[in-house]
Amino acid sequence: MPTPLIQLRGVCKSYPIHDRRVDVLTGINLVVESGTFLSIMGPSGSGKSTLLNIIGTLDRPDSGEFLFNGKNMQSASDTQLSRFRSRTIGFVFQNFNLIPGLSVLNNVKLPFLYASVSRLSAEKRALEAIESVGLAHRMDHKPSELSGGEMQRVAIARAIAIQPSIILADEPTGNLDSKTGSEILSYIKALHDQGATVIIITHDQQVADYTQQRIHLLDGRIAERL
Ligand SMILES: Nc1ncnc2c1ncn2[C@@H]1O[C@H](COP(=O)(O)OP(=O)(O)OP(=O)(O)O)[C@@H](O)[C@H]1O
Ligand SMILES: [Mg+2]
């Protein structure tokens with residue numbers, strides 16, 4: 001058996017709220033094989049984004065283990081994790097998370113700040129990514145000069161420019177109309193077809209039905225696996 005790409009063992013996370021702690025994840029066990037398309041569903045507040053942020057190493061578990069390619073990530077420093085992310089993971093969020101003051105091109109080039117890629121090849125890869133989502137004519141625009149669908153295409157371009165092996169998407173179509181949403185999903189599906197491992201949080205059953213592996217979170221634990 002090959003080593004799974006992602007393994008979570010007994011992952012717990014709580015946040016301090018006022019003078020007590022609120023348990024958000026209570027012992028998550030999950031294995032994701034390389035090349036899988038996994039969807040995460042569950043009600044608001046069930047811990048979906050928290051789980052995705054832990055998988056994306058944006059956040060650390062309080063206890064339990066997170067292994068990537070069999071390697072325990074707990075001991076990695078913040079700098080090592082930043083480097084790991086910039087080489088491996090493309091993020092797409094519901095609210096696009098673009099930097100308002102930067103042009104489309106500079107937004108897409110941003111992840112290269114932490115990657116060991118020459119300035120020239122960063123520029124080339126950013127341009128190619130922007131072209132691949134059909135936004136070459138919007139290169140110098142600021143996010144506020146774009147439609148929601150265009151902003152999300154910029155976010156997709158930013159995610160794919162680093163040629164990540166993993167795409168983590170947190171309700172990427174949540175703020176889009178259904179037609180624009182399907183367009184964004186088709187980009188994500190294409191990345192999966194090209195071999196990327198994709199994990200997507202969604203409220204859309206049709207999206208979940210398309211995925212190979214499904215989990216349903218309830219109160220910080222996996223209530224259902226399909
Ligand atoms: N940084 C934080 N500090 C304190 N509490 C937090 C923090 N992040 C999340 N929480 C709490 O953890 C719980 C789970 O949050 P999370 O964002 O993971 O839910 P979610 O399933 O993604 O919900 P939604 O569908 O609304 O996005 C919520 O009750 C939230 O208030
Ligand atoms: Mg969320």
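Summarised as an ellipsoid, the range 157-226 has semi-axes of 21, 15, 11 Å, derived from the eigenvalues of the Cα gyration tensor scaled by 5 and square-rooted, with the largest first. Where in the range 14-50 is the amide nitrogen less than 11 Å from a point lying 7 Å along the Cα-to-Cβ axis of residue 62? Within reach of a label on residue 62: 14-17, 20-27. Computed over the Cα atoms of the chain, what is the ratio Rg over Rh, Rh following Kirkwood? Here Rg/Rh amounts to 0.96. Averaging the Cα positions of each part gives two centres, and for the range 41-59 and the range 114-183 these lie 22 Å apart. If I model the range 116-170 as equal point scatterers sitting on the Cα atoms and use the Debye formula, what is log10 I(q)/I(0) at q = 0.15, 0.19, 0.25 Å⁻¹? For the range 116-170, the Cα-only Debye profile gives -0.43, -0.67, -1.03. Considering helices alone, the calculated mean residue ellipticity of the chain at 222 nm is -10000 deg cm²/dmol, with DSSP H runs of length four and up weighted by -39500 (n - 2.57) and normalised per residue.
Would you please put 116-122, 7-13 in order of how densely packed they are, using the mean number of other Cβ atoms within 10 angstrom per residue and starting with the highest?
Averaged packing, sorted descending, gives the order 7-13, 116-122.
Our estimate of slack between residue 82 and residue 118, defined as 0.36 nm per intervening residue step minus the Cα-Cα distance, is 11.2 nm.
Each reported figure results from applying straightforward, stated rules to the coordinates on display, with no laboratory input. What you see is a predicted model; the values in this text were computed from it and never measured. So basically every Cβ, Gly included, is an ideal-geometry build from the backbone, and we count neighbours across all protein chains shown.
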